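Shown next, in structure tokens, is the structure this report addresses.
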Amino acid sequence: MIYMFLANGFEEVEALCPLDLLRRAGLDVTTVGVGGDTVVGAHGIAVMADIPDTLYRDSAPDMIILPGGMPGTRHLDSSRTVESALRAARAHGSYIAAICAAPMILGKRGYLEGKRAVCFPGFEEHLAGAILPTDQTRVVTDGRIITAAGMGVALEFGLALVCALKGEEAAEALRKAVLAD
């Protein structure tokens, strides 16, 4: 199962665009509301999560996705459920994906040690042990870690998630289907 965690103050496009692409690709994604069923994004858009964090129980997820935004990233970072989900994903060898400010959550926990990673400009100091690209790379997949720079690359991030789970051919077909080429 794929889980996307949403906390109050999340960046709406960074969550909803990848979520839409994953579901269009036929993948089963469950949104998890940190603190309850209804979560309000950084720009006032309320989203009804599939389940509240109190119902999250998966010890072997296929992927954990963390959208950025502030203060959403801080809320994700302080969530015991998100912490537990990340530990389980890492122990199981699952994909862990984060965009914008959210890669700082992974850096703080040492998950980026020796991995190539990107984040929203200005958050690089929080990516402990990461190898930061010297070019304008916007989305990076390094092993089971996928990171992206921010809202402007949400579609590219979503396609990278589809690619990781269903392969390059499926991601390219979806790219064409949504006119992203």
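The values are calculated or read from the model by the stated rules, or taken from the named source; none is laboratory data. Please read all numbers here as calculations on a predicted model, not as lab measurements. Positions of Cβ are generated from backbone atoms using ideal geometry, with glycine treated the same way; all protein chains shown enter the neighbour counts. In case anyone asks, the SASA skips ligands and DNA or RNA and just uses the protein heavy atoms, side chains included. Shrake-Rupley method; radii C 1.70, N 1.55, O 1.52, S 1.80 Å.
For region 49-91, run through the trypsin sites (Lys or Arg not before Pro) and keep only the ones in DSSP coil with at most 14 other Cβ atoms within 10 Å of their Cβ.
ARG57
Pull out a ≥ b ≥ c, the square roots of the eigenvalues of the alpha-carbon gyration tensor of region 4-47, then state rounded if a/c is under 1.5, prolate if not and a/b is larger than b/c, and oblate in the remaining case.
oblate
First check a/c for region 105-181, with a ≥ b ≥ c the square roots of the eigenvalues of its C-alpha gyration tensor; if it is under 1.5, answer rounded, and if not, answer prolate when a/b is larger than b/c or oblate otherwise.
prolate
Which of the three applies to the chain, rounded, prolate or oblate, going by the alpha-carbon gyration tensor with a ≥ b ≥ c and a/c under 1.5 meaning rounded?
Here the chain falls in the rounded category.
How much mean residue ellipticity at 222 nm does the chain get from its helices, if each DSSP H run of length 4 or more adds -39500 (n - 2.57) and you divide by all residues, to the nearest 500 deg cm²/dmol?
-10000 deg cm²/dmol
In what sequence, largest accessible area first, do ARG109, ARG144 appear using a 1.4 Å probe?
Ranked from most to least accessible, the order is ARG144, ARG109.
As an exercise, find the ratio Rg/Rh for region 51-148 from alpha-carbon atoms, using the Kirkwood inverse-distance average for Rh.
0.95
Working out 0.36 nm times the residue gap between GLU125 and ILE45, then minus their Cα-Cα distance, what length gain in nm do you get to one decimal?
The GLU125-ILE45 span can extend by a further 25.8 nm.
Counting only residues 5 or more places away or on other chains, whose amide H sits under 5 Å from the amide H of ILE65 once H atoms are built in the peptide plane?
TYR3, MET4, PHE5, ALA97
If you stretched the chain out fully between ALA60 and ALA91, how much longer would it get, using 0.36 nm times the residue separation minus the C-alpha to C-alpha distance?
10.3 nm
Determine the dipole magnitude for the chain: charges of +1 sit on the beta-carbon of Lys and Arg, -1 on that of Asp and Glu, nothing else is charged, the reference point is the Cα centre, and the result goes in debye to the nearest 20.
320 debye
For the charge dipole of the chain, defined by +1 on Lys and Arg C-beta atoms and -1 on Asp and Glu C-beta atoms about the Cα centroid, which residue among LEU165, THR31, HIS126 has the Cα displaced farthest towards the positive pole?
HIS126
Quick one: compute the contact order of the chain, relative version, from alpha carbon pairs under 8 angstrom and 6+ residues apart, as a percent.
It comes to 21 percent, rounded to a whole number.
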